[in-house]
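Novice: Before I ask anything, let me first share the structure, which is written out below as structure tokens.
The values are calculated or read from the model by the stated rules, or taken from the named source; none is laboratory data. These figures come from a predicted structure and were not determined experimentally. Backbone-built Cβ (ideal geometry, glycine too); neighbour counts: all protein chains shown.
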Amino acid sequence: MDQLFGSLKAFIKPQSVIIDNHIFRLHYKFSVVILVAFSIMVTARQYFGDPIDCISRDDIPNNLLDTYCWIHTTFSLENAWFKKVGVEVPYPGVDKYSPMGEGKRVYHAYYQWVCFVLFFQAILFYIPRYLWKSAEGGRTKNLVLGLNNPIMPEDKKEESRQLLVEYLRKNRGEHNTAYAMYAVSEVLNFLNVLLQMYIMDRFLGGEFSSYGWKVLQFTEWDWSVRFDPMIKVFPRLTKCTFHRYGSSGDVQRHDAMCILPINIINEKIYVFLWFWFYFLAISSLVAIIYRALTLIIPRIRVLATQSRCRVANREALEKVINKLKVGDWFVLDLLSKNLDQLNFRDLVIDYYREIEGDKAADSI
């Protein structure tokens, strides 16, 4: 199992330079790893067995029947879901064939595509990160100048701070585009979650949107009519119809029952994804609201940066941020995430002197 998922460990290792926030990382790090891991899991037959096993009373070879039913999909009978198991039906959704009263068939073809859909979803989660990283262009990494290291020669530290202050002074008012691109990427994260919830709902025949609520309500159901709602979406036993020519040349119909061990894994995957996607949607909406507040209320910017560097002079930091446009604050805030706190404290003082003059800075 470690060999199966070992390659994903490197994907979630800590970043040397931070250019986003925790909620953003939930999308392109944790969500991507979760979806890729699930995609690998459902294809790992050596751990979970064959995905389908069909049985028939006729002389049809089992391997042939398994392959046919996997390719041509299996089905459940809608009118058999609420019949009494062990008396009327052998399993919820599975009933004997009756040409006149078989009822509506519900076909289950999605299990063939689960691994591909999960991998496609992982790609979609990485797109906003790719767009933001391309727009950022490694600027933050270049601006760090070794100041993320608390142990540096004093002359080197002074030189790096002066270079950084010079950059901030010359490029004041030039970072609004970077801020806008980051805000757009956060909106894309939110829209991506909503889109994927819609895609999964269509993929599972309209069952995903209410899937988690039904599972939560499952324990409150009356035992006399109780069946696990997960097996309606991911049935473990289904039917399959196989046609072939008989000895006299006529077409013969063979009914088979198919066990789907893979759905034991699928149902757990999609229960987790239901809760995970709702959590992501709420978190992403909170991130968008926070981003809007930083644009509208300057005080929010001050409080955000102060919370990350408590050793910085509060008065100097507040006066500096109040004189910056939102894009310039955004770059300064990224620096507060990457620089050593003591180095960031000194940077704020140096930048304040640059803006206000040495005499004003001496009063702090």
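Novice: Are there any pairs, at least 6 apart or on different chains, whose C-beta atoms fall under 8 Å, with the first in the range 149-166 and closer than 18 Å to R139 by Cβ and the second assigned to a helix (DSSP H, G or I) and of a type in the set (S, T, N, Q), and if so, which?
Specialist: If the second residue must be assigned to a helix (DSSP H, G or I) and of a type in the set (S, T, N, Q), the pairs left are R161/N343.
Novice: Here is a follow-up. Which of the residues spanning the range 27-73 are of a type in the set (S, T, N, Q), modelled with pLDDT of 80 or more and more than 28 Å from L195 (Cα to Cα)?
Specialist: N63, T67
Novice: Of everything in the range 232-288, what is outside any strand (DSSP E or B), among the acidic types (D, E) and under 25 Å from V89 (Cβ atoms)? Give them in sequence order.
Specialist: E267
Novice: Further, regarding this structure: Looking only at the range 149-174, how many residues end up being within 36 Å of the chain's Cα centre (by Cα) and crowded, with 18+ Cβ neighbours inside 10 Å? Steps first, answer last, please.
Specialist: Pass one, the range 149-174, residues within 36 Å of the chain's Cα centre (by Cα): 149-150, 164, 168, 171-174.
With crowded, with 18+ Cβ neighbours inside 10 Å added as a condition, the list becomes 164, 168.
Residues meeting the conditions: 2.
Novice: Considering only the range 299-317, state which residues are assigned to a helix (DSSP H, G or I), surrounded by fewer than 18 Cβ atoms within 10 Å (Cβ to Cβ) and of a type outside the set (S, T, Y).
Specialist: R299, I300, L303, A304, Q306, R308, R314, E315
Novice: Right, next: Could you check how many residues of the range 12-36 are in a helix (DSSP H, G or I) and either under 12 Å from the mean Cα position of the chain (by Cα) or surrounded by 16 or more Cβ atoms within 10 Å (Cβ to Cβ) (or both)? Can you show your working first?
Specialist: So in the range 12-36, the residues in a helix (DSSP H, G or I) come out as 12, 22-36.
Right, trim to either under 12 Å from the mean Cα position of the chain (by Cα) or surrounded by 16 or more Cβ atoms within 10 Å (Cβ to Cβ) (or both) and you get 23-36.
Of the residues in that region, 14 qualify.
Novice: Please go through (1) aliphatic (A, V, I, L, M); (2) without any contact (Cβ under 8 Å) to a residue 60 or more places away in the chain; (3) surrounded by fewer than 18 Cβ atoms within 10 Å (Cβ to Cβ) for L295 and return the number of the only condition it doesn't satisfy.
Specialist: Of the numbered conditions (1) aliphatic (A, V, I, L, M); (2) without any contact (Cβ under 8 Å) to a residue 60 or more places away in the chain; (3) surrounded by fewer than 18 Cβ atoms within 10 Å (Cβ to Cβ), the odd one out for L295 is (2).
Novice: Can you confirm whether the range 335-344 contains a residue that is in a loop (DSSP other than H, G, I, E, B) and closer than 26 Å to S16 by Cβ?
Specialist: yes
Novice: Return the only residue of R139, R161 being in contact with a helix residue (DSSP H, G or I) (Cβ under 7 Å, 6 or more places away or on another chain) and of a type in the set (D, E, K, R).
Specialist: On the way: R139 fails: in contact with a helix residue (DSSP H, G or I) (Cβ under 7 Å, 6 or more places away or on another chain).
Every option except R161 fails the conditions.
Novice: Considering each residue of the range 133-148, count those that are farther than 20 Å from S336 by Cα and buried (at least 17 other Cβ atoms within 10 Å of the Cβ), and give that number.
Specialist: Number of matching residues: 0.
Novice: Please tell me if Y130 is modelled with pLDDT of 90 or more, among the aromatic types (F, W, Y) and loosely packed, with under 15 Cβ neighbours inside 10 Å.
Specialist: yes
Novice: Let me ask something else about it. May I ask you to verify whether S209 is outside any helix (DSSP H, G or I) and of a type in the set (S, T, Y)?
Specialist: Yes.
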